[in-house]
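In what follows, a single structure is set out as structure tokens and then discussed.
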Amino acid sequence: MKFIEGTRVLTAGELQVNNITRYRVTRYYRDQITNSGYYDQLKYIVEPSVKEFESAGSLDTSGEHDNTVVVGLQHKYAQTGLLLVTDHCASYCRYCFRKRMVGKKSDEVAPDLARVAQYIGGHPEMTNVLLSGGDPFVLSTSNLNEVLNHLLPITHLNSIRFGTKMFAFEPSRFEDSALPALFQRIHEAGKTAVIVTHFDHVGEISVDAERNIRSLRAQDVQFLNQSVLLAKVNDDPEILAATFAKCHQIGVRPYYLFQSRPVKGASHFQVSLRRGLEITRGINQRLSGIQKTFKYIMSHYTGKIEILDLGDDGRLYMRYHQNKIPNKIGKIFSRPHVEAARWLDDLPEE
Ligand code: SF4
């Protein structure tokens, strides 16, 4: 197998034991990152590294198994359902936090949408469903319509969200002539269609991505973007500020900047929390008020934690943006800071 550091001969067993995701990159993305002028940063997103063999961590950093209520459906936060509709993507990111299932034949994808709909129907507090995986847009439009057949009749759902990196990997997917009718169905059911793009770097935002996003925005699809803070890829305020400014320019609201997770085989992508805060400050210094709409977030087992600042008292200040326990949402808390800490669990409780 070809790694960034050189070729290694491996058995299939070694790849499996070490949980190495298979290599897959679309021709479009390979050409885009080569021609973007940022190849030396963007190659780390999709090219395997031998560091994957040594990176310690967990394969389920956010407690996805514990929050699964029906096979394929997670219900961690009251208002949101997370539906796994596929285990495939057009290309595979080396830092994927769902390495345990993505690019493999997984038993975590929802096999029974009627059961999913029955659960959601019985939970009126759930107001939106996020289709994820894998990438929902590897499914055909008719398969996506099949998923919608189960979700659209549920009156308490007010939005259907799609999490996708397809605008980077294969933007022509959004030129499918059947897609406008799919989004129209969502609107006619009285719901909002939201696409959460996944651009980590300004070099991933191609002219084709921009054109297709503008076209879907004209069809009333709302756009947000999430990025992951990644060592060697985008751990630079200049790059992330340029990424968020570009998103803003094309009508995509910067939403989350995720602290990279301690994923087995991918923890070499993590930067320290101290460095993450320096980068966040640098981004905010470079953007206007209407562009800096993102939060620096750690998606932890206990909830989504906004990382706020490092105090003069040597403590790291944070706030729960989402938590299973509503009383905890919005509360600021702190832990003693430890140099080189990269995750909440690296900080002592007192
Ligand atoms: S597109 Fe998303 S789900 Fe697919 S490999 Fe990348 S991070 Fe993982």
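Only the coordinates and a few stated rules stand behind these numbers; no lab work does. Everything numeric here is computed off the predicted structure, so don't read it as measured data. Cβ atoms come from the backbone with ideal geometry, glycine included; neighbour counts cover every protein chain shown.
Name the long-range amide H neighbours of residue 304: under 5 Å, sequence gap of 5 or more, or other chain; modelled H, no Pro or chain starts.
Amide H neighbours of residue 304: 321, 322, 323.
Can you tell which of 87, 313, 220 shows the greatest fluctuation in a Gaussian network model of the chain with Cα springs below 10 Å?
Ranking 87, 313, 220 by mean-square fluctuation puts 313 first.
What are the radius of gyration and Dmax of region 6-154, computed over its Cα atoms and given in Å?
Cα radius of gyration and Dmax of region 6-154 are 17.7, 53 Å respectively.
Report, in listed order, any pair from 232/304; 304/331; 191/246; 43/292 with a Cα-Cα distance greater than 19 Å.
Values: 232/304 24 Å; 304/331 12 Å; 191/246 27 Å; 43/292 27 Å.
Checking Cα-Cα distances, 232/304; 191/246; 43/292 exceed 19 Å.
Find, among the GluC sites (Glu not before Pro) in region 159-266, those assigned to loop by DSSP (not H, G, I, E, B) with at most 12 other beta-carbon atoms within 10 angstrom.
none
Report the extension gain between residue 211 and residue 35 in nm, rounded to one decimal, defined as 0.36 nm multiplied by the number of residues separating them, less their alpha carbon distance. Walk me through the numbers on the way to the answer.
Numbers: separation 176, 0.36 × 176 = 63.36 nm, distance 1.82 nm.
Length gained between residue 211 and residue 35: 61.5 nm.
Treating only the Cβ atoms of Lys and Arg (+1) and Asp and Glu (-1) as charged, compute the dipole magnitude of region 2-346 about its Cα centre; round to the nearest 20 debye.
220
With no solvent and one equal point scatterer per Cα, compute the Debye intensity ratio I(q)/I(0) for region 213-276 at 0.12, 0.19, 0.23 Å⁻¹ and report its log10, rounded to two decimals.
Computed log10 I(q)/I(0) values: -0.38, -0.75, -0.93.
Given a Förster distance of 35 Å, report the FRET efficiency between residue 127 and residue 9 from their Cβ-Cβ distance, rounded to the nearest 0.05.
My answer for the efficiency is 0.10.
Do the sum for the chain: with -39,500 (n - 2.57) for every DSSP H run of n ≥ 4, divided by all residues, what is the mean residue ellipticity at 222 nm, to the nearest 500 deg cm²/dmol? Write down the numbers at each step before the final one.
Details: 10 runs with 95 residues, N = 350.
When only DSSP H runs of four or more count, the value is -8000 deg cm²/dmol.
Taking the chain as a Gaussian network, where each spring joins two C-alpha atoms under 10 Å apart, which residue of 330, 103, 203 fluctuates the most?
Its mean-square fluctuation being the largest, the pick is 330.
What is the calculated FRET efficiency for residue 140 to residue 315, with r their C-beta to C-beta distance and R₀ = 45 Å, to the nearest 0.05?
Numbers: r = 51 Å, r/R0 = 1.13.
Computed FRET efficiency for residue 140 and residue 315: 0.35.
Over the chain, one equal point on each Cα, no solvent: what is log10 I(q)/I(0) by the Debye formula at q = 0.10 Å⁻¹?
Log-scaled intensity ratios, in q order: -0.61.
Contact order normalised by length for region 2-346, with contacts defined as Cα pairs under 8 Å and 6 or more residues apart; what percent is it?
For region 2-346, the relative contact order is 16 percent.
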